[in-house]
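The values are calculated or read from the model by the stated rules, or taken from the named source; none is laboratory data. Small disclaimer: the values here were computed from a predicted structure and weren't measured. So basically every Cβ, Gly included, is an ideal-geometry build from the backbone, and we count neighbours across all protein chains shown. Heavy atoms of the whole protein, side chains included, go into the accessibility calculation; ligands, DNA and RNA do not. Shrake-Rupley method; radii C 1.70, N 1.55, O 1.52, S 1.80 Å.
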Amino acid sequence: MAVTGQPCTVPSDVPIEHLLRELTPQVLGIVVRRFRDFAAAEDAVQEASLAAAMQWPREGTPENPRAWLTQVAFRRMADHIRSESARRRRESELAQAAHAVDHTPESTFIETAPQEDDTLILLFMCCHPALTPASAIALTLRAVGGLTTAEIAHAFLVPEPTMAQRISRAKQSIKNSGMGFQLPSAEERAQRVRAVLHVLYLIFNEGYTSSAGPDLRRADLSHEAMRLTRIVHHLQPPNQPEGTEVAGLLALMLLTDARRLARTGVEGELIPLAQQDRALWDRQQIAEGVALISATLPKGSVGPYQLQAAIAAVHDEAARAEDTDWPQILALYELLKRMSNNPMVALSHAIAAAMVHGATKGLELLDALKADARIADHHRLDAVQAHLLELAGDRQGAITHYRAAASKTGSLPERNYLLTQAARLSSELQN
């Protein structure tokens with residue numbers, strides 16, 4: 001999609017939903033630059049997108065859809081400004097802007113184009129440190145991803161009014177912060193990029209393995225996270241430290257998502273990595289991810305996402321589960337543990353240690369994690385404990401922990417898998 005000053009035209013076969021998601025941050029950038037009010041501009045662009053979703057299927061996609069959306073959003077802003085002016089009588093500057101919109105030639109909208117950094121600026125705003133991760137995720141998906149509030153609420157299994165309030169509070173926080181529509185300073189940029197990547201990582205993880213609900217994954221979330229990460233990767237200088245981590249995150253997403261078709265059976269049941277049909281893995285996506293991480297690692301300044309991508313690449317390059325280079329994976333987790341105080345990393349490190357040194361070693365490492373309040377009640381700790389106990393020959397202990405893990409997860413496919421493992425071991429004990 002063009003982000004230059006040329007009119008925006010698109011092939012006629014592009015689905016309207018995809019087109020609107022592509023254009024949302026571009027149009028929002030134009031409107032925020034013009035009116036300097038992120039909250040109101042975001043509402044105006046959402047209304048323009050909803051109007052397009054209703055009108056374009058009936059009347060056809062306009063020749064320049066970005067100009068169409070921009071014009072509608074400008075007029076929504078004009079209506080908003082007039083309403084605010086009438087109510088408070090102190091918006092003379094904004095009232096003049098509304099008057100200007102009413103007298104703006106249509107050609108202005110056709111030639112108006114966003115600057116290339118607008119999407120990145122919007123991501124920085126939506127992932128501002130003042131916002132909670134939940135608020136940042138919701139606002140990013142709406143303002144930059146182009147999802148409706150209803151779509152976001154459905155994805156996270158919360159009522160639409162609850163999600164609307166979350167988004168509204170997030171926009172109010174941005175307004176109260178007084179931040180301008182511009183890229184952060186060089187000093188702030190690295191920290192802010194890390195915040196953006198963390199939000200995109202959380203969105204991808206929730207899509208790839210849903211924390212609750214009947215489905216193991218929500219493809220719309222994981223695909224949207226990958227799309228946005230591609231945009232950041234395109235806009236971020238590749239030789240900067242934060243640029244290599246952007247590449248690392250994109251590679252991690254590609255290499256992980258490549259296994260998506262093999263992760264579930266015909267009835268949606270979970271299939272663990274070791275039992276997956278690797279013929280179903282997306283080899284083209286794996287090749288792209290491997291090439292990306294291979295080109296990034298030699299540049300130095302290796303970060304957590306690059307290491308996780310390297311681990312995913314080792315898994316994906318193994319033709320069979322038994323061909324997996326577990327010593328290399330263990331070495332990578334050793335590096336990652338030194339870099340990140342994350343209990344999930346320590347949990348994965350324990351699994352790798354068990355695969356290299358035996359189940360007893362893995363169980364010893366798990367004992368240390370039981371005192372960590374961040375993970376002590378998490379279902380994954382019980383699930384890994386059960387798996388390692390089974391490998392060690394303690395089937396009764398494994399049954400106990402499989403059942404405990406099942407009681408703690410909100411994901412129905414995960415719960416069913418864990419209970420199935422417990423039932424299988426119980427049957428073996430009785431025979």
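Values as computed for the structure displayed
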item	result
Pair Trp56, Gln396: separation of 7 Å Cα→Cβ label points (nm)	6.4
Table column - 3J(HN,Hα) (Hz), the stretch 70-78, Karplus curve with 6.51, -1.76, 1.60, x for Gly and Pro	4, 4, 5, 5, 4, 5, 4, 5, 4
For Thr264, distant residues with modelled amide H under 5 Å away	Ile271
With Cα atoms, 0 to 90° folded angle of helix 326-339 axis to the chain main axis	50
The stretch 343-431 shape via C-alpha gyration tensor axes, a/c threshold 1.5	oblate
The chain: calculated mean residue ellipticity at 222 nm from DSSP helix runs of at least 4, using -39500 (n - 2.57)	-23000 deg cm²/dmol
Spatially proximal lysines relative to Lys408 (Cα-Cα < 23 Å; intrachain offsets below 8 disregarded)	Lys370
Listed residues Leu202, Asn176, Ala51: farthest to the positive end of the dipole of the chain (Cβ charges)	Asn176
J(HN,Hα) series, the stretch 293-301, from Karplus relation 6.51 cos²θ - 1.76 cosθ + 1.60, nearest Hz, glycine and proline x	6, 5, 6, 8, 4, x, 7, x, 6
Length-normalised contact order for the stretch 333-431 - Cα pairs under 8 Å, 6+ apart - percent	19
Three-way shape label, the stretch 145-244, alpha-carbon gyration tensor, a/c 1.5	oblate
Net charge of neighbours whose Cβ lies under 14 Å from the Cβ of Ala170, counting Lys and Arg as +1 and Asp and Glu as -1	+3
Using θ = phi - 60° and Karplus 6.51 cos²θ - 1.76 cosθ + 1.60, couplings along the stretch 376-383 (whole Hz; Gly, Pro as x)	4, 9, 7, 5, 5, 5, 5, 5
Most fluctuating residue given options Ala136, Ala354, Ala186, as computed from a GNM of the chain linking Cα atoms under 10 Å	Ala186
Projected label distance in nm at Ala287 and Ala134, using a 7 Å step from Cα toward the beta-carbon	4.4
Rounded tilt (10° steps) of 133-143 against the dominant C-alpha axis of the chain	50
Top of Leu235, Leu280, Leu307 by mean-square fluctuation, Gaussian network on the chain, Cα under 10 Å	Leu280
Net charge over other residues, Cβ less than 14 angstrom from the Cβ of Leu363 (K, R count +1; D, E count -1)	-3
Solvent exposure of the stretch 206-322 as accessible area per residue, Å², 1.4 Å probe	42
10 Å Cβ shell holding at most 14 others, DSSP loop, trypsin sites (Lys or Arg not before Pro): longest site-free stretch of the chain	91-319
Assigned charges on the beta-carbon of Lys, Arg, Asp, Glu; the chain dipole about Cα centre (debye)	980
Highest-fluctuation residue, Gly358, Gly145, Gly60 considered, GNM on the chain with Cα pairs under 10 Å	Gly60
Accessible-area composition of the stretch 196-286, carbon plus sulfur, in percent [1.4 Å probe]	55
